[in-house]
Amino acid sequence: MEKIEITTEYIKLDQLLKFIGIVGSGSDAKMLIADGLVTFNGDVCTMRGKKVRPGDVVTVEDAGEYHIISNGDRVQ
């Protein structure tokens, strides 16, 4: 499990995959999501524009599990 900090209210799923370095482009993210290799809070998600917010969990097959936190959730 890796914690990913965002400073905004949400980030779109395809942007998140680019932000954390799983994919290099939006088209790569689109294919990964369309192939059903990404789960959002335990359910397969095929919507690349899905809004991911602090508290959500995104899992990418063969890459890992990512817990989204806000900058106020950091442990000092």
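Worth pointing out:
- When GLY26 is tested against (1) modelled with pLDDT of 95 or more; (2) more than 12 Å from the chain's Cα centre (by Cα), just one condition goes unmet, and that condition is (1).
Per-residue answers, yes or no, for (1) in contact with a helix residue (DSSP H, G or I) (Cβ under 8 Å, 6 or more places away or on another chain); (2) surrounded by fewer than 11 Cβ atoms within 10 Å (Cβ to Cβ); (3) at positive phi:
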{"residue": "ILE4", "(1), (2), (3)": "yes, no, no"}
{"residue": "THR7", "(1), (2), (3)": "yes, yes, no"}
{"residue": "GLY26", "(1), (2), (3)": "yes, no, no"}
{"residue": "ALA29", "(1), (2), (3)": "yes, no, no"}
{"residue": "VAL38", "(1), (2), (3)": "yes, no, no"}
{"residue": "VAL44", "(1), (2), (3)": "no, no, no"}
{"residue": "LYS50", "(1), (2), (3)": "yes, no, no"}
{"residue": "PRO54", "(1), (2), (3)": "yes, no, no"}
{"residue": "ASN71", "(1), (2), (3)": "no, yes, no"}
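The values are calculated or read from the model by the stated rules, or taken from the named source; none is laboratory data. Please read all numbers here as calculations on a predicted model, not as lab measurements. Neighbour counts run over all protein chains shown; Cβ positions are idealised from the backbone, glycine included.
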